[in-house]
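Notes to accompany the following structure.
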Amino acid sequence: MPDDDPPKQQSRYERVKEILNTAAGDSQANYQGYGRFWNLPLAQFLEVTIYGVRMIAPPSPPDPCEALASNLNVLPPAAPAPKSGSCCHGDAPKTAAAAPTAPQRKSPGRGAKSGLIIGLRGQWPFDGSRFPRLPWGGAAVSSGDIQFISDWIDDGCPERDAVLLSAQQSQAFATGKAAFLSVSDNTNAFKQATGGIKQRQNVEHLSAQELCELRYTFGEMIKLNAWPRDMRNYNSWAQLHGDECPHGWSTFLPWHRMYLWGFEQELQDFVPTVTLPYWDWTASTPEQIKDGYIPAAYRCSIDDAVLGALAGKVSEETLNKLKALEGQSFNSITKLWTKAAGIPDAEQTTIIDVLKTANPLFSELRFPGEFNDTTIEQAFHHHYPTPQDIDRILALDNWRDFGGGMDVDQSFGALDMNPHNTMHIWIGGNPAGNITGDMLNNLTAAFDPIFWAHHGNIDRLWAQWQTMHPGVDPPDLSDVLGGVDSTVQDSLSVRKLGYEYASDTYVFPTQGSLQMTRFRSAAAGVKASVMGNHRRAEVTISCMIQPLESFLVRVFLNQPDADVNTSIDDNPHYAGYFSIFGHGPCIGGPGHCDPPPRPRRRFERRTPHHNDPWNVRLDVTSTVQKLVAQGATDLQVNLVVLSGITRTGPGKLRFEGVSLTFKD
């Protein structure tokens, strides 16, 4: 059984404050009125400037949330955003327990440029020529602790990541007496750091930071539209779709997969961990469909930042109308104008510009479900795709019916017609007269940023179909995909393109140096919508270190006291096991069994090292379903290591983290 009061997992941020408070001792230094500035709330600590020297240098590149706010000439809020939104109008972070209160962007060299580190090292102007060494009136901090603080700053000043543990704490975590916390950092950053592949997530489940990063990258590409001949700009990529996309052809799905992949590479030039999310429109309820629902990420919103940016640019009367709508978001611009009736056309243009700057994923030429003041059924014969429709399409067993016919046997594939065509029409809309949404027209569709989430879902369904029908490929793998520098063969594996699809992921980082006999996570904080509606659930053990001994590991969910004596017979918490084939004593020379440091060299052609860390993935869907049926509303993960083969006692497991992933 876990101890009643196990030692708590200390964060690096807590350790930073501990180091500085210990060094300060009894000092009463005022620091220009801030006092012990490192004890301020983290968001304020990051902004402290003392006698013109900023204690924590700003991140470079800038945090996406800050960058979006600066585009509006306003600052992001100093306090944490409430659960209903973020500085970028996003949903609440993945788990309230792990919600960040400050940006977390990795910026190598940021620590060395920070006044705090310069002062702790006694460098100018803290060398006695202008100011004394930090902390004033206290003891010098050791070089090792200074480097620890500098590394924390380089890593984005996270509030809740783990720190090196004391011997007592290490023992508690390594034996399952203490629980590892989930973190709210970008899950792709963890995947990338531990040798996994990036995930394209359900846009409804992005954390606040992930949404800020997505909006930031789109905004940077849109800014490049000012240079029409710069082919990285957003308009160039949107025009490529209108010029080259092969609708109704056997290459429809391969072409769009490579098109999305190429665009995603451009986004990752700005933020390497960004991926294109998908919108699962089949999750929409009849009430949402009637209301013209789109995910919150793509709506226009009225908040303090937007109102502040409009002050002085529109009349007081107009500003007051918008203030009455503060905190609201709108699926289309027409619905905003309806709520704020009577705004002059000239001011509408100004408002749209500010709304698009605040949220680069918003488009004023998008009218979901709006058709000439009539019901959608009256406008045209329409059938919004349902889960049952998708199941029927996924059951098709040949490429011609599913993906489309060959040149000599021209035929739209089922996925191309409905849901693809249907959702383009529905999202675009035709609210009045000659006004139509960009998504309604094949030539303009990609100019609407929601295009990429729509086609992300189409690509996800193809990837799912490929798993269900392995080896059923398009007819000619050598077909050239015009405009995207690829062939059909290049498109066949999403994993070889460096991504997979996941509805939501919860990560519990550990420390690879810990030799564990049991692992216990805290509750993940799984969203209710994810718990109750997913196709597959997986547990992944990341970056596992090859052990010397062979042993077996059992996996349990929601059984925190599970140990080697816990029965697995008829146990609804038991999720499976995996066996580890031990390496045994090294037979080579010095360093033979030590894997080279990651990442591998750019032009590395050798096979992976025999002791390279590896990942283990288990399907735990049936166990999750049993627990949900019994009333479970959240999940936590347990690993139990059974005795090693070569000696008495449990084996020792070393890895970098555990993740719990759900797929639609």
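The values are calculated or read from the model by the stated rules, or taken from the named source; none is laboratory data. The model shown is predicted, which means the values in this text are computed figures rather than measured ones. Neighbour counts run over all protein chains shown; Cβ positions are idealised from the backbone, glycine included.
Looking at (1) more than 23 Å from ASN188 (Cβ to Cβ); (2) assigned to a loop (DSSP other than H, G, I, E, B); (3) not β-branched (Val, Ile, Thr), which one does PRO608 not meet, given that it meets all the others?
Here PRO608 meets the rest and fails (1).
Yes or no, residue by residue, for (1) within 24 Å of TRP337 (Cα to Cα); (2) surrounded by 24 or more Cβ atoms within 10 Å (Cβ to Cβ); (3) aromatic (Phe, Trp, Tyr); (4) over 28 Å from the mean Cα position of the chain (by Cα):
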{"position": "MET417", "(1), (2), (3), (4)": "no, no, no, yes"}
{"position": "ILE427", "(1), (2), (3), (4)": "yes, yes, no, no"}
{"position": "ALA432", "(1), (2), (3), (4)": "yes, no, no, yes"}
{"position": "ASN442", "(1), (2), (3), (4)": "no, no, no, yes"}
{"position": "ASP448", "(1), (2), (3), (4)": "yes, yes, no, no"}
{"position": "HIS455", "(1), (2), (3), (4)": "no, yes, no, no"}
{"position": "ILE458", "(1), (2), (3), (4)": "no, no, no, no"}
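Specify the residue that is farthest from the chain's Cα centre (by Cα); the eligible residues are those in the range 18-35 that are surrounded by 16 or more Cβ atoms within 10 Å (Cβ to Cβ) and of a type outside the set (A, V, I, L, M).
Taking the candidates together, the pick is TYR31.
Go through LEU557, LEU642 for me and flag whichever is under 23 Å from SER521 (Cα atoms), at pLDDT 85 or above and more than 30 Å from the chain's Cα centre (by Cα). I'd like the intermediate steps shown before the answer.
Numbers: LEU557 fails: more than 30 Å from the chain's Cα centre (by Cα).
Exactly one residue qualifies, and that residue is LEU642.
Specify which of the listed residues (ARG54, ARG12) is touching a helix residue (DSSP H, G or I) at 6+ places or on another chain (Cβ under 8 Å) and at pLDDT 90 or above.
On the way: ARG12 fails: at pLDDT 90 or above.
After ruling out the rest, the residue left standing is ARG54.
Quick one: in the range 258-278, which of the residues that are without any contact (Cβ under 8 Å) to a residue 60 or more places away in the chain and acidic (Asp, Glu) is surrounded by the most Cβ atoms within 10 Å (Cβ to Cβ)?
The initial filter retains those residues of the range 258-278 that are without any contact (Cβ under 8 Å) to a residue 60 or more places away in the chain, namely 265-269.
Next, only the ones that are acidic (Asp, Glu) stay: 266, 269.
Working: GLU266: 18, ASP269: 12.
Within the range 258-278, the match that is surrounded by the most Cβ atoms within 10 Å (Cβ to Cβ) is GLU266.
Take the range 305-344 and flag every residue that is assigned to a helix (DSSP H, G or I) and touching a residue at least 60 places away in the same chain (Cβ under 8 Å).
Looking only at the range 305-344, we keep the residues that are assigned to a helix (DSSP H, G or I), and these are 305-310, 316-323, 333-339.
Matches in the range 305-344: ALA305, VAL306, GLY308, ALA309, THR334.
Would you be able to tell me the number of residues in the range 275-298 that are under 16 Å from the mean Cα position of the chain (by Cα) and modelled with pLDDT under 95?
Here the count works out to 0.
Looking only at the range 560-578, how many residues end up being hydroxyl-bearing (Ser, Thr, Tyr) and either over 20 Å from VAL640 (Cα atoms) or under 31 Å from the mean Cα position of the chain (by Cα) (or both)?
So the first thing to find is which residues in the range 560-578 are hydroxyl-bearing (Ser, Thr, Tyr), and the list is 566-567, 574, 577.
Those left that are additionally either over 20 Å from VAL640 (Cα atoms) or under 31 Å from the mean Cα position of the chain (by Cα) (or both): 574, 577.
Final tally of qualifying residues: 2.
Select from the range 312-360 the residues that are buried (at least 17 other Cβ atoms within 10 Å of the Cβ), within 23 Å of GLU66 (Cα to Cα) and small (Gly, Ala, Ser) and list them in ascending order.
Within the range 312-360, SER329, ALA358 meet the criteria.
Listed residues ARG554, ARG602; which is in a strand (DSSP E or B) and of a type in the set (Lys, Arg)? So that I can check it myself, show each step before the final result.
Working: ARG602 fails: in a strand (DSSP E or B).
Unique residue meeting the criteria: ARG554.
So which residues in the range 521-551 are hydrophobic (A, V, I, L, M, F, W, C), crowded, with 19+ Cβ neighbours inside 10 Å and closer than 21 Å to ILE580 by Cα, if there are any at all?
VAL539, ILE541, CYS543, MET544, PHE551, listed by residue number.
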